[in-house]
Amino acid sequence: MGLFGKRKIQGDELLNYLDYLGEEWKLKAFQEKEAGIYTAALDSYNPKNSKDTEALEGLLNAANRLALSAAELLRRKDAISSVPDQATSLFFAWHASYVDYLAWTVAQAEAMEDKLDGKVPDTTTVKELQTKSEASQAAADAEEQKLLKLLGFTEADMQQLLDRVNQSIEQDRWQPRNLSPRTKRR
């Protein structure tokens, strides 16, 4: 069924769902874009040992940026003002996912800072928070699939919406503010 085919939800109500899903997908695309920047930094700054200060500082900067992007993600999530009735579970599932993601990224940045300071980072907590974040993201993805099924979206519908979202993200010029004075070190 295409965007204009027969559905249970039609007209302005369907447009509200499309607008809402577009906003959610923009958030996911922003998160993926920033995670990609972080992953590239991990590949680029792979420290040879724990005393490779330049590499550790590069990783700390990347971890700080990821944490700041997670905070921005949650700020943008909280700015969504209109949620269609049957999308409220999805809204709250993604909100929980982003809260968990923020907790993990902050813990990761703190662990990187500890490592740079010569302290033993709390990797157990970081891994636990990462696992929790991944689980809540999976729950949000499952909730999203339920809504998409309810709306009767086809692959073509989703691709059309995704294309619009990608255009929006390409124009997004967000840059983080420094998280700590350490990033200005040197």
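No lab work stands behind these numbers, since they all come straight from the coordinates. Predicted model only: the values in this text are computed from it and were never measured. Note that each Cβ is placed from the backbone with ideal geometry, even for glycine, and that neighbours are counted across all protein chains shown.
Per the Debye formula on identical point scatterers at the alpha carbon atoms of the range 62-104, with no solvent, log10 I(q)/I(0) at q = 0.20, 0.25, 0.28, 0.30 Å⁻¹ is -0.62, -0.83, -0.95, -1.03.
Would you compute, from DSSP H runs of 4+ residues alone, the mean residue ellipticity of the chain at 222 nm, taking -39500 (n - 2.57) per run and dividing by the full residue count, rounded to the nearest 500? The helix contribution divided over the chain gives -25500 deg cm²/dmol. For the residue pairs Lys26/Lys149; Lys127/Lys149; Lys8/Lys33; Lys77/Lys149, alpha carbon separations beyond 26 Å are given by Lys127/Lys149; Lys8/Lys33.
In plain terms, the chain from Leu161 to Asp52 could stretch by 34.8 nm, reckoned as 0.36 nm per residue minus the Cα-Cα distance.
Judged by the mean number of other Cβ atoms found within 10 Å, the most tightly packed of the peptides 13-22, 59-68 leads the ranking 59-68, 13-22. In straight-distance terms, cross-link reach from Lys28 covers every one of the aspartates and glutamates whose alpha-carbon lies under 15 Å from its own, apart from those fewer than eight places away in the same chain; here that gives Asp19, Glu72, Asp78, Asp100, Glu134, Asp141, Glu143, Glu144, Asp163, Glu170, Asp172. Within the set (i) 50, 38, 27; (ii) 63, 31, 27; (iii) 70, 42, 37, the number that Cα extents along the principal axes in Å takes when calculated for this structure is listed as (ii). Across the chain, the relative contact order, built from alpha-carbon pairs under 8 Å that are at least six residues apart, equals 32 percent. The Stokes-Einstein estimate for the range 75-138, based on a Kirkwood radius over Cα pairs and taken at 20 °C with 1.002 mPa s viscosity, is a diffusion coefficient of 163 µm²/s.
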